[in-house]
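Worksheet: one structure, shown below.
The values are calculated or read from the model by the stated rules, or taken from the named source; none is laboratory data. These figures come from a predicted structure and were not determined experimentally. Cβ atoms come from the backbone with ideal geometry, glycine included; neighbour counts cover every protein chain shown. Ligands, DNA and RNA are excluded from the accessible area calculation, which covers all protein heavy atoms including side chains. Shrake-Rupley method; radii C 1.70, N 1.55, O 1.52, S 1.80 Å.
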Amino acid sequence: MKRAIVWILLIAFILSGLAVLVNAADPVPKTPPAPTFTDAERQAELARRRAAVAAKMADNSVLILFSAEPKLYTNDVDYVYRQENNLYYLTGLKQENATLVISKTGGKVTETLFLPKREPRREAWEGKMYSREQATKISGLSRIVDTSEKDAMLSAVKNRGTFTSKDASVTITGAPTLYLLLPEDEPKQPDENGHREFRVETEFSKELTEYKVENAQPIFAALRHIKSPYELKLLQHAIDITTEAQMRSMAMVGRAEWEYQVHAEVEYTFRRRNADFWGYPSIVGCGANATTLHYVESQSPIKQGELLLMDVGAEYEHYTADVTRTYPVNGKFSKEQAEIYQVVYDAQEAVAKATKPGVTYGQLQQIARATINEGLFKLGLVIDKNSRQVNVWNIHGLGHWLGMNVHDVGDYQLQMKPGMVFTNEPGVYIHEDALDNLPDTPENKTFKEKVRPMFEKYKNIGVRIEDDMLVTDTGVEWMTGKLPRKISDIEAFMSKASKEFVWTSSNQHSPSTVFAGAPIDVFALNSNRPTGVTVRRGFAATVSHGHSDQVR
Ligand SMILES: [Mn+2]
């Protein structure tokens, strides 16, 4: 008996020792657990948002929010379904073909959800649809009508009539003003012609002759611009997943042979941490590829002695991170790489120092540009500080608002307020064609001659450092603060991690495969995600949304 106890204690001791050793060996901190919310917390948050929207609507008006249309990948295969942001912002529902109607009459607000009825055949192909009980549990909305009655509602509204549901429990009356999500008529808006995101709304608005049609986007832009504590928890989780992905990549890049192997490490991390998808296609560029802003091919070799620029962002519950790090493949910056990096780093620091409520994005942008101008002047890449020569190497703005979109909604003229989140992402790119692309003016000729030696010295170096910043009452918080950023911190981390990190990658040389061809279904019945929907996550195409008889 005594002997048995001694053996058990010995084995326990050995096992715990091993556990400590294993944990100690993994230099990359794991993503903290995902935030959880009770039904009551989620319902209260969504109800608060809906009330805030209603408060901004004119009296005697109706808002109609349609769900996103499925996006075609190819033939009968769609991309992973992603709900329209604003409908998701107010309901938390991922259901295709759901519609929310908010009516405000004489100051009284009613909210009605049109929800597709559960269909066994569809569920057999695509997984569980929401029951009414589940939709209410998730969104807090209790006035629910079958989507089969949606067209009747739309035509009643269109004709300024009254819609009454078949079970007479719901009535919706047309009002003088109707709110729809419509393309913004500002230049360079992504959906300036209503063909990309708000097609249904744009088509419906053309039929509305009896109404004053208002664009609902400004209402949502103003509200989503200030993140609530609830939203910040979700965004922080997306950022934490991305931070782990960046650090795993720093730890294995020295042993990688192809950009796509580093890319794989990023999306492996997104997937294993249960991210929805990426917030935008991952940018993983080595050497000269770092000087192309949206390089998404990941098909080039990883070269020792070069820099790797990685701009990636996991999306979690519709909130996306946007984080860029540029680091040396072999863990040590060359002198030239460090000089360019330090200029960009100093610009970020100057921006963060100046960020506080009341400042504008434009002012921060000027600070970044002035810091880069000064830095590149010292390196001899800018000859005349009072010229615009810096624009040859600093080719994009400081950053953008961040949230449910990577380039999120919000007015850039506004003074910053606590709760706003933006990216601080200065960059310098010594693109090999930069001088050749300059028009041959006398001024440029002189510049090219004078700058050529320095250009050759720094050619093909591209550096962008991007952090996600939360404006606070007194200043700013680095939401990406756990991710090494200073040259010495990056080198110290990479030197340790490159030795200790266990990288289990195969060294297949098959650059051809980009997307998995077949759907990957993950039934998330027990996750803390809304139940009742088959979650098909974004690293593969999904099945068609028609019910063909072809079995995959
Ligand atoms: Mn960005």
Whether any residue in the stretch 438-459 is within 16 Å of the ligand (Cβ to nearest atom) and at pLDDT 95 or above is what I want to check. no
Residue count, the stretch 406-431, condition assigned to a loop (DSSP other than H, G, I, E, B), over 30 Å from L232 (Cβ atoms) and either within 16 Å of the ligand (Cβ to nearest atom) or open to solvent by 10 Å² or more (accessible area, probe 1.4 Å) (or both), comes to 1
Conditions (1) open to solvent by 20 Å² or more (accessible area, probe 1.4 Å); (2) within 15 Å of the ligand (Cβ to nearest atom): number failed by R369: (2)
Counting only residues that are part of a helix (DSSP H, G or I) and free of Cβ contacts under 8 Å to residues at least 60 places away in the same chain, which one in the stretch 49-68 is farthest from I219 (Cα to Cα)? A51
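I want to confirm something. Restricting to the stretch 383-405 and keeping residues that are among the hydrophobic types (A, V, I, L, M, F, W, C) and free of Cβ contacts under 8 Å to residues at least 60 places away in the same chain, which single residue is most open to solvent (accessible area, probe 1.4 Å)?
Among residues in the stretch 383-405 that are among the hydrophobic types (A, V, I, L, M, F, W, C) and free of Cβ contacts under 8 Å to residues at least 60 places away in the same chain, the one most open to solvent (accessible area, probe 1.4 Å) is V392.
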Kindly establish whether A347 is surrounded by fewer than 16 Cβ atoms within 10 Å (Cβ to Cβ) and not in a strand (DSSP E or B). no
For the stretch 326-339, state whether one or more residues are farther than 30 Å from T91 by Cβ and touching a His at 6+ places or on another chain (Cβ under 9 Å). no
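Looking at G380, G375, G403 in this structure, which one is within 14 Å of the ligand (Cβ to nearest atom) and touching a helix residue (DSSP H, G or I) at 6+ places or on another chain (Cβ under 7 Å)?
None of the others qualify; the one that does is G403.
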Tell me which of these E449 doesn't satisfy, since it passes every other one: (1) open to solvent by 20 Å² or more (accessible area, probe 1.4 Å); (2) touching a residue at least 40 places away in the same chain (Cβ under 8 Å). (2)
The lone exception for Y341 - which of (1) surrounded by fewer than 21 Cβ atoms within 10 Å (Cβ to Cβ); (2) away from the ligand (no atom under 16 Å from the Cβ) it fails: (1)
Does the stretch 241-256 include one or more residues that are farther than 27 Å from A492 by Cβ and away from the ligand (no atom under 16 Å from the Cβ)? no
I need a count of the residues in the stretch 82-104 that are farther than 18 Å from E201 by Cα and either at pLDDT below 95 or among the basic types (K, R) (or both). 2
Tell me yes or no: at least one residue of the stretch 89-109 is assigned by TED's automatic domain parsing to the domain that holds E203, under 18 Å from A68 (Cα atoms), touching a residue at least 40 places away in the same chain (Cβ under 8 Å) and open to solvent by 60 Å² or more (accessible area, probe 1.4 Å). yes
Quick test of your reading of the structure: I8 fulfils all but one of (1) touching a residue at least 60 places away in the same chain (Cβ under 8 Å); (2) more than 17 Å from L141 (Cα to Cα); (3) outside any loop (DSSP other than H, G, I, E, B). Name the failing condition by number. (1)
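Before we move on, is K128 crowded, with 20+ Cβ neighbours inside 10 Å and in contact (Cβ under 8 Å) with a residue 40 or more places away in the chain?
The answer is no for K128.
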Identify, by number, the condition in (1) in contact (Cβ under 8 Å) with a residue 40 or more places away in the chain; (2) surrounded by fewer than 19 Cβ atoms within 10 Å (Cβ to Cβ) that N274 doesn't meet. (2)
Name, by its number, the condition in (1) open to solvent by 30 Å² or more (accessible area, probe 1.4 Å); (2) farther than 23 Å from T291 by Cα; (3) within 16 Å of the ligand (Cβ to nearest atom); (4) among the charged types (D, E, K, R) that does not hold for R485. (2)
Which ones in the stretch 29-59 are under 16 Å from N215 (Cα atoms) and open to solvent by 60 Å² or more (accessible area, probe 1.4 Å)? A55, K56, D59
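Looking at the stretch 281-324, which of its residues are within 12 Å of the ligand (Cβ to nearest atom) and under 30 Å from L46 (Cβ atoms)? Steps first, answer last, please.
Narrowing the stretch 281-324 to residues within 12 Å of the ligand (Cβ to nearest atom): 283, 293-294, 311-313, 320-324.
Within the stretch 281-324, V312, G313, T320, A321, D322, V323 qualify.
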